[in-house]
Amino acid sequence: MVRLRFAPSPTGYLHVGGLRTALFCWFYVCQHAGKFIFRLEDTDQKRLVDGAENDLIRMLEWAGIELNESPEIGGDYGPYRQSERLEIYKQHVQKLLDEDHAYHCFCSTERLDNLRNEQRSKGDTPRYDGFCRNLDKKESSLRVTSGESHVVRMRIPEIPETLVLNDLIRGSVSIETSQTEDQVIVKSDGFPTYHLAVVVDDHLMQITHVVRGEEWLPSFPKHLLLYRYFGWNPPEFAHLPLILNPDRTKLSKRQGDVAVEDFRDQGYLPETLVNFISLLGWSPAEDRELFTLSELVQEFSFERVNKSGAVFDREKLNWMNQQYIQNLDHDDLFRRLHPFLVKTPFAEQDASLLKKAVNILQPRLVTLAEIGNRLSLFFEENLQATDPDVLSLLREDNSKQVLAEFIKQLEAVEILTEENFGSVVKNVQNTTNFKGKNLWLPLRYAITLEAQGPDLKLIVDLFGKEKCVRLARRALEL
Ligand code: GLU
């Protein structure tokens with residue numbers, strides 16, 4: 001049975017890189033009718049954020065990912081929060097200590113700082129020098145029981161060797177054990193570090209595939225050694241490429257949004273974000289961009305994940321969101337806009353008018369959150385022209401002629417609709433002899449005060465005759 005886990009730390013939000021890891025895991029789980037496990041890696045007591053676990057799980061749900069085991073759901077391999085598994089780690093660490101694969105280290109932070117500085121100044125890579133590696137075991141035990149502050153370190157073999165990992169994405173990767181150090185596996189607060197907890201939990205939870213970010217690749221020798229010390233078979237590994245800013249630095253909060261909830265709040269659809277993020281580092285066999293969730297589940301494979309970093313291209317994300325919004329049916333779009341509409345001054349407008357306006361705006365909407373600004377065209381009575389090009393064109397004599405004639409023609413018709421707007425404009429053309437841009441731009445600018453916007457005949461249909469007369473008069477007075 002295939003079992004994969006998503007194991008975030010509760011640091012406050014779901015990072016888009018985390019969502020990608022969760023998606024790839026989940027696609028694989030779905031393909032193999034396996035199980036998907038959520039495990040909270042909350043052993044870093046300094047970095048806990050209230051409510052983070054709940055936020056993480058809610059965001060996975062928002063993306064459409066289904067979990068089979070988690071702190072909320074439970075399961076046969078719990079507890080699913082590392083902070084509730086301390087007793088389990090303790091037993092495992094004791095085994096390592098008993099078998100001499102780990103030892104107590106009493107070095108003070110001060111000593112370690114000095115050591116690091118000294119090594120750096122000589123141009124060496126900072127690493128633990130093994131000061132406590134060969135302490136007498138009895139003496140160490142006494143110091144521990146007397147309450148002296150200490151950590152536990154795992155022992156890297158004295159005789160260097162090459163460890164090889166068969167990564168599902170990178171193929172065979174080898175690292176010399178001499179490049180790693182005696183890693184701390186239990187901190188002075190008694191909590192395990194990531195390295196110990198991840199190995200123990202992945203084994204006990206019977207995880208078959210560990211999928212995680214490339215930043216963990218250098219840690220694999222420590223993990224492989226721990227598997228060996230415990231006498232366990234390691235799972236399969238897949239290390240995903242980094243997600244990059246356009247300048248190819250690692251995607252960071254400083255250069256923009258990285259939290260999935262930010263994208264949700266800005267009005268990106270979950271299907272957009274899932275589609276977009278899945279294409280960060282994975283290339284489908286077919287040359288196309290738009291994939292539904294179930295298509296992604298079908299198409300995904302680790303073999304087609306790249307080794308090199310993937311650039312997070314905001315313009316592509318916007319394009320994609322626009323595509324998805326265009327393809328929503330009107331009612332679905334209206335329903336999804338609700339949380340955004342209630343934050344606008346137009347929430348109380350007549351629902352059928354609002355719906356009409358939304359339908360007109362739909363083809364041009366890039367995000368749901370834009371709806372407030374876009375709706376002001378329809379419902380803001382005192383819209384001000386801000387575009388200098390619009391203003392200067394409306395002040396030209398030619399424009400004024402067109403608009404004066406437009407008012408005349410409007411007064412001659414009973415009502416103004418999408419159907420007769422064309423003939424009204426035709427009459428303006430025949431009387432003034434203006435056509436093309438000279439005819440249409442003054443009309444569009446006068447009615448919308450913007451250089452670009454939705455189809456004009458749809459807008460005038462919604463406005464009706466009286467309002468269009470009023471707007472044309474306003475423009476004449478600019
Ligand atoms: N807690 C680790 C993180 O958030 C998990 C890494 C892993 O999946 O092993 O990056």
(message) Can you list residue pairs whose Cβ atoms sit under 7 Å apart, with the first residue in segment 381-408 being within 15 Å of Arg470 (Cβ to Cβ) and the second being open to solvent by less than 90 Å² (accessible area, probe 1.4 Å) and among the polar types (S, T, N, Q)? Count only pairs 6 or more apart in sequence or on different chains.
(response) Leu383/Ser376
(request) Being within 14 Å of Leu14 (Cα to Cα) and either hydrophobic (A, V, I, L, M, F, W, C) or surrounded by 17 or more Cβ atoms within 10 Å (Cβ to Cβ) (or both) is the filter here, so list the residues in segment 258-277 that pass it. (result) Val258, Ala259, Val260, Phe263, Arg264, Pro270, Leu273, Val274, Ile277
(message) So in segment 364-381, with the set limited to residues that are at pLDDT below 95 and within 22 Å of Leu273 (Cβ to Cβ), which one is most open to solvent (accessible area, probe 1.4 Å)?
(response) Asn373
(message) Step by step: first the residues of segment 188-207, then only those that are more than 14 Å from the ligand (Cβ to nearest atom) and in contact with a strand residue (DSSP E or B) (Cβ under 6 Å, 6 or more places away or on another chain), then the one that is most open to solvent (accessible area, probe 1.4 Å). Which residue is that?
(response) Gln206
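Of Glu53, Glu66, Glu61, which residue is among the charged types (D, E, K, R), open to solvent by 50 Å² or more (accessible area, probe 1.4 Å) and part of a helix (DSSP H, G or I)? Lay out the reasoning, then the answer.
Details: Glu53 fails: open to solvent by 50 Å² or more (accessible area, probe 1.4 Å); Glu66 fails: part of a helix (DSSP H, G or I).
None of the others qualify; the one that does is Glu61.
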(request) With respect to Val210, determine if the residue is closer than 20 Å to Pro79 by Cβ, β-branched (Val, Ile, Thr) and more than 15 Å from the ligand (Cβ to nearest atom). (result) no
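For every residue, the table says whether it meets (1) more than 30 Å from Arg304 (Cα to Cα); (2) more than 10 Å from the ligand (Cβ to nearest atom); (3) among the hydrophobic types (A, V, I, L, M, F, W, C).
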| position | (1), (2), (3) |
| --- | --- |
| Tyr13 | no, yes, no |
| Leu19 | no, yes, yes |
| Cys25 | no, no, yes |
| Tyr28 | no, yes, no |
| Phe36 | no, yes, yes |
| Arg39 | no, no, no |
| Asp44 | yes, no, no |
| Gly51 | yes, yes, no |
| Asn54 | yes, yes, no |
(message) So, in segment 153-178, how many residues would count as being under 36 Å from the mean Cα position of the chain (by Cα) and either closer than 30 Å to Ser83 by Cα or open to solvent by less than 60 Å² (accessible area, probe 1.4 Å) (or both)?
(response) 12
(message) On the basis of being under 20 Å from the mean Cα position of the chain (by Cα) and among the acidic types (Asp, Glu), does Glu303 make the cut?
(response) no
(message) Cβ-Cβ distance below 6 Å, separation of 6 or more or different chains: which pairs start in segment 1-27 with a residue that is farther than 14 Å from Glu53 by Cβ and aliphatic (A, V, I, L, M) and end on one that is within 10 Å of the ligand (Cβ to nearest atom) and assigned to a helix (DSSP H, G or I)?
(response) Leu4/Cys25
(request) For Pro246, work out the one condition from (1) open to solvent by 10 Å² or more (accessible area, probe 1.4 Å); (2) under 30 Å from Val164 (Cβ atoms); (3) touching an Asp or Glu at 6+ places or on another chain (Cβ under 8 Å) it doesn't fulfil. (result) (2)
(message) So for segment 433-447 (the condition being surrounded by 14 or more Cβ atoms within 10 Å (Cβ to Cβ), in a helix (DSSP H, G or I) and in contact with a Pro (Cβ under 8 Å, 6 or more places away or on another chain)), does at least one residue qualify?
(response) no
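Looking only at strands (runs of 3 or more DSSP E) that fall completely inside segment 182-280, which ones have 1 or more residues that are closer than 17 Å to Arg5 by Cα?
Values: elements: 184-186, 209-213, 236-240.
Because the criterion is at least 1 residues that are closer than 17 Å to Arg5 by Cα, the strands (runs of 3 or more DSSP E) in segment 182-280 that meet it are 209-213, 236-240.
Please indicate, with yes or no, whether at least one residue in segment 102-117 is surrounded by fewer than 14 Cβ atoms within 10 Å (Cβ to Cβ) and part of a loop (DSSP other than H, G, I, E, B).
Pass one, segment 102-117, residues surrounded by fewer than 14 Cβ atoms within 10 Å (Cβ to Cβ): 108-111, 113-114, 117.
From the residues that got through so far, the ones that are part of a loop (DSSP other than H, G, I, E, B) too are 108.
Looking for residues that are surrounded by fewer than 14 Cβ atoms within 10 Å (Cβ to Cβ) and part of a loop (DSSP other than H, G, I, E, B), one finds at least one in segment 102-117, hence yes.
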(request) Answer yes or no: is there a residue in segment 345-353 that is open to solvent by less than 30 Å² (accessible area, probe 1.4 Å) and of a type outside the set (Phe, Trp, Tyr). (result) no
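The values are calculated or read from the model by the stated rules, or taken from the named source; none is laboratory data. Because the structure is a prediction, the values reported are computed rather than measured. Heads up, the Cβs are rebuilt from the backbone with ideal geometry, glycines too, and the neighbour counts pull from every protein chain shown. Quick note on the areas: whole protein, heavy atoms, side chains included, nothing else; ligands and nucleic acids left out. Shrake-Rupley method; radii C 1.70, N 1.55, O 1.52, S 1.80 Å.
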